[in-house]
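Below is one structure, written out as C-alpha cells; the observations come after it.
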Amino acid sequence: LNFYTATRYSQVKPLVVRIDEVGRAEAVQYDATVYHVGNDHRYHSRIVETMRRHPGIAVFHDLALQDFFLGLARERQDMRLYLDEMRVCHGEKERSLAEEYLRRGSLPPHVAVPLSFPLNCRLARDAEGIVTHSEWACARLQATAPSVPTKRINMPVLGGPTVDSNYKDNAGPVSLASFGLITPGKGIEQVLRVLAM
C-alpha cells in the first residue's frame, strides 16, 4: 500500500457513502476505503463496526480509545465490549482487573492512564493501512502493528497569522482554538496560566 498526495484534485474522484449503507458487495468494489477513527463512540461506533467487517485504511485521530470502548459498553449496557477489547489489547490480567473495578462500581484504573492502555491494537492490526497526524502517534502505532503500513500525514489546516514571542507588545487580542472534547489532557488550563503571566 502506497500513501501519496495527489497533486491535482481533478485526478481523484472520491465517492462518499453513508457508513450504514455499506454492504459487503459494495465495499469490495472500491480501490480503498478510508475510515476516520476517533475516541467518541457517539460519532465513531458505526465506523468502527463497519471497519471490522470491511478493513481499510484507518485514520487515527486519537491514539487512545479508552473512552470510546468504555462509553460504547455503557451505552449498550454490555461491558463485554470494553472488557474484550482490554483482553485482546492488554491481556487477561488487565481485563480481570478492569472487571473487578467495574463490578464494584468504580472506574478501572486504566481509564486514568489511557496512553498506557490505548485499546487500539485490534483496530490497528486489522487495518490495511494507518494514517496519523503526528510522528509520535505514528511510531506508537508502528510498534503496535508492525506489519501494517503506517504514515504520518499533516492535518489539512492552512496556517494563519503567527504570533511572535513578544505577543504582549502586539496590539489586539490573542485568539486560541482547541478542537474536540475539553479534557485535562488538552492542557488548556496550563496554556491559560502561561498566557496570563
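The values are calculated or read from the model by the stated rules, or taken from the named source; none is laboratory data. Worth saying up front: this structure is predicted, and the values here are computed from it rather than measured. Using ideal geometry, Cβ is built from the backbone for each residue, glycine included, and neighbour counts are taken over all protein chains shown. Accessible surface areas use protein heavy atoms only, side chains included; no ligands, DNA or RNA. Shrake-Rupley method; radii C 1.70, N 1.55, O 1.52, S 1.80 Å.
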Task: Filter result for the condition that a residue is at pLDDT 95 or above and closer than 19 Å to ASN39 by Cα, over LEU83, LEU97 - done: LEU83
TODO: Go through (1) under 20 Å from ARG52 (Cα atoms); (2) open to solvent by 60 Å² or more (accessible area, probe 1.4 Å); (3) among the small types (Gly, Ala, Ser) one by one and return the number of the condition SER116 breaks.
DONE: (1)
TODO: Could you tell me whether SER134 is under 15 Å from the mean Cα position of the chain (by Cα) and farther than 19 Å from LEU72 by Cα?
DONE: yes
Task: Matching entry among LEU65, LEU72, LEU102 (being in contact with a Ser or Thr (Cβ under 8 Å, 6 or more places away or on another chain), modelled with pLDDT of 95 or more, at negative phi and not hydroxyl-bearing (Ser, Thr, Tyr)) - done: LEU72
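Is one or more of the residues making up segment 116-127 polar (S, T, N, Q) and under 26 Å from LEU83 (Cβ atoms)?
For segment 116-127, residues polar (S, T, N, Q) and under 26 Å from LEU83 (Cβ atoms): present.
Could you list, in sequence order, all residues of segment 67-87 that are closer than 23 Å to ALA139 by Cα and over 10 Å from the mean Cα position of the chain (by Cα)?
Those that are closer than 23 Å to ALA139 by Cα and over 10 Å from the mean Cα position of the chain (by Cα): ASP67, PHE69, GLU85, MET86, ARG87.
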- [ ] Looking only at segment 103-122, decide whether some residue is β-branched (Val, Ile, Thr) and within 14 Å of the chain's Cα centre (by Cα).
- [x] no
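So if I check each of ASP62, ASP78, ASP67, which one is more than 19 Å from ALA145 (Cα to Cα) and not in a helix (DSSP H, G or I)?
Values: ASP62 fails: more than 19 Å from ALA145 (Cα to Cα); ASP67 fails: not in a helix (DSSP H, G or I).
It is ASP78.
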